[in-house]
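Visitor: To start, I am sharing the structure in question, which I have written as structure tokens.
What follows draws every value from the coordinates through simple rules; no lab data is involved. Here the structure is a predicted model, which means the values were calculated and not measured. Methodologically, a virtual Cβ is constructed for each residue, glycine included, from the backbone with ideal geometry; neighbour enumeration extends over all protein chains shown.
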Amino acid sequence: MFCTNCGIQQDDANKFCSQCGTATGPVAAGGAPKKLYRLIGDRKLAGVCGGLAQYLGIDVTVCRLATVGITLVTGVAPGLLTYLFAWIIMPVEPAPPPVAYDASGAFPTRA
């Protein structure tokens, strides 16, 4: 892996660049560090399982089934309290930037 700041080759296990000190932790597709959000578009109740599935890179159905299974095995109250706690502390995903059109109106671009 290469440092995104100075371009020096780094060992994959490094969390920081040995040359400039830039963080080299988990990175999403856009180059920014991964963040845990509640999803707006993929929600059944609060978007907690959708956000957790996106963060972990798994299917949302698997996450929902695991949540229900863990809730039933550990008792309904602990599972519901954990979900409620996650609902409270997880921020909602930020809205995408508005789409701006060029002069012809034919090619949408991000503003």
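Visitor: Sticking with the crude label model, points 7 Å out along Cα→Cβ, report the distance from Val92 to Leu80 in nm, one decimal please.
Guide: Label-label distance for Val92 and Leu80, simple model: 2.4 nm.
Visitor: Right, here's the next one. Roughly how many Å is it from the Cα centre of the range 32-47 to that of the range 55-95, as a whole number?
Guide: 11
Visitor: Could you list Cys17, Cys6 in order of exposure, starting from the residue whose Cβ has the fewest other Cβ atoms within 10 Å? Before the final figure, lay out each step's value.
Guide: On the way: Cys17 20, Cys6 13.
Sorted ascending by nearby Cβ count, the order is Cys6, Cys17.
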